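The values are calculated or read from the model by the stated rules, or taken from the named source; none is laboratory data. Just so you know, these numbers come straight off a predicted model, no measurement behind them. Cβ sites come from the backbone with ideal geometry, for glycine too, and all protein chains shown count toward neighbours. Side chains are part of the model used for accessible areas, which takes the heavy atoms of the whole protein and leaves out ligands, DNA and RNA. Shrake-Rupley method; radii C 1.70, N 1.55, O 1.52, S 1.80 Å.
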Amino acid sequence: NTTSISNGIEMNVVAAMSDQEVVVVYLTLRDTEQKGRLDDTLQLVDFSTESTRLGQEAERVFSHAEVLWYDPQTQTATLRLIGQGLHGIENSKFSLSVRALLAGREEYSSIATGYTLADVCAFNPLPTVSYPADVSSYSTSGLLSEKLSDLVEQGKMPVLNKNEQAPFSVAQFPWFEVENIAVVDNFLHVRVAYDQDMGRFNQLYLQLGKNDKNDDAAVLETSELSMDIAYYEPDDQHRYPALQEQIIAIPGEMLYQDIGIFADVITYDQYLEGSWDATFEIENAQEYSVTQECSIDMDTWTIDRVTISPIGVSVSGKGELLAYSVAPNIIVKRVDGSTIECNSSSVTTNEDSILFKNIFETPLKTEDIECVIINDVSLSFFNAES
């Protein structure tokens, strides 16, 4: 059954196919109750795939789903799952299970918290810290990324202990709480706890900036470290950060009273649980593929083959792909002269083999494609042999 309804949301798998290089699944989600719960920021946050033929490999085929478009009149979102093609995936039956959806994404940039580093030092002049022995997840950015990573790996990066009187809060975002804040070794440390509701999905990024309301470019370029130090694990399959230490290097050329604390925030206003299940067969797109041999000089490599399928265009070649190498500019034209949109692309290399893959927004009949133009070289497919 390719259609499933749960919690007033209908899921329908409308197409699924593979050409060995990639596998794509197109599905729609419609709010049958017309409550405005879906939009173009829709995400599948809890989904899985199974296939009797492929076993555990089927679980790793798809990593995420992307929204192609949203129709507000019918309250229907069209999504696409893209995965790497697997040998034997064609004509196999797949099961898709979805258990939760997110929508209503909002982004807030450079929110002034009203606190400066001078306020932080006055509140907590002698912070107590501990040193976590094992940090399983962290990320760094900025010029000091390597140094920050080394400190974490060596167990030398301190984290704050909880302080019941931490003054820092942003009232409009109740899903997180600052349990402590302090300056340690010229780094701002902020201990953040997330609730087990929307705190699992909403995101907080703290920053430093000029404490000047008249400066539009207030945020400072700094080095940052974020460490997850505790998790919420509702079951064996899911784990969410419950406690996080955000650490920001403090610029040395400014006074503490001139440095404010800012926040970038991403929130969602819809979290929908349900049981959406669909079973479908992966169609073999290779049966409709058409290939043209060619020789197009790309300086450090040469395109020797172009293949079109209902999924997209594959440009293959030999040589070396370097940072300065020329990438193919691919234009696909229909028989009626119109241009076909490709809104997803990837490149893979294997020794001297190079493959550029452009995926069509929706599946197409290959006989509707007249030619592919690559860097002003036109390859005709209308009379090509498959």
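Contact order, relative form, for the stretch 258-356: 19 percent (alpha carbon pairs under 8 Å, 6 or more residues apart, mean separation divided by residue count). Using a cut-off of 12 Å between beta-carbons, work out the net charge of the residues near Y131 (Lys and Arg +1, Asp and Glu -1, Y131 not included). Charge balance in the 12 Å sphere: -1.
Compute the length gained on full extension between K162 and S380: take 0.36 nm times their separation in residues and subtract their Cα-Cα distance, giving the result in nm to one decimal.
Additional length available on full extension: 71.7 nm.
Accessible surface of H238, taken over heavy atoms with a 1.4 Å probe and every protein chain present, rounds to 40 Å². Here the chain is treated with +1 on each Lys and Arg Cβ and -1 on each Asp and Glu Cβ, and its dipole about the Cα centre works out to around 380 debye. Here the relative contact order of the chain, from alpha carbon pairs under 8 Å that lie six or more residues apart, stands at 17 percent. Of all the options S275, S345, S325, the one that moves most in a Gaussian network model of the chain with Cα springs shorter than 10 angstrom is S325.
Please give the contour-minus-distance gain from Y108 to Q257: 0.36 nm per residue of separation, less the Cα-Cα distance, rounded to one decimal in nm. Result for the pair: 51.2 nm of gain on full extension.
Evaluated at q = 0.23 Å⁻¹, the base-10 log of the normalised Debye intensity for the stretch 270-386, with identical point scatterers placed on the Cα atoms, takes the values -1.36. Taking each DSSP H run with n ≥ 4 as -39500 (n - 2.57) and averaging over every residue of the chain yields -1000 deg cm²/dmol at 222 nm.
Scaling the Cα radius of gyration of the chain by the globular reference 2.2 N^0.38 Å produces a ratio of 1.21. Note on D46 and E221: with the Förster distance fixed at 45 Å, the Cβ-Cβ geometry gives a FRET efficiency of about 0.80.
Listed by chain and number, the lysines whose alpha-carbon sits under 23 Å from that of K93, ignoring those within fewer than 8 places in the same chain, are K365. To the nearest 0.05, how large is the calculated FRET efficiency for S275 and Q73 if R₀ is 35 Å and r is the Cβ-Cβ distance? Given R0 = 35 Å and the Cβ-Cβ separation, E is 0.85. A simple count of charges around V98, restricted to other residues whose Cβ falls under 12 Å of its Cβ and scoring Lys, Arg +1 and Asp, Glu -1, yields -3. Counting Cα-Cα pairs of the stretch 318-363 in 10 Å increments starting at 0 gives whole-percent bin shares of 22, 44, 26, 8.
Look at where the Cα atoms of the stretch 96-125 and of the stretch 181-195 average out, and the two centres are 13 Å apart.
Annotation: per residue accessible area for the chain equals 51 Å², rounded to a whole number [probe 1.4 Å, protein chains only].
Computed extension length for E177-Q84: 29.5 nm, one decimal, from 0.36 nm per residue of separation with the Cα-Cα distance subtracted.
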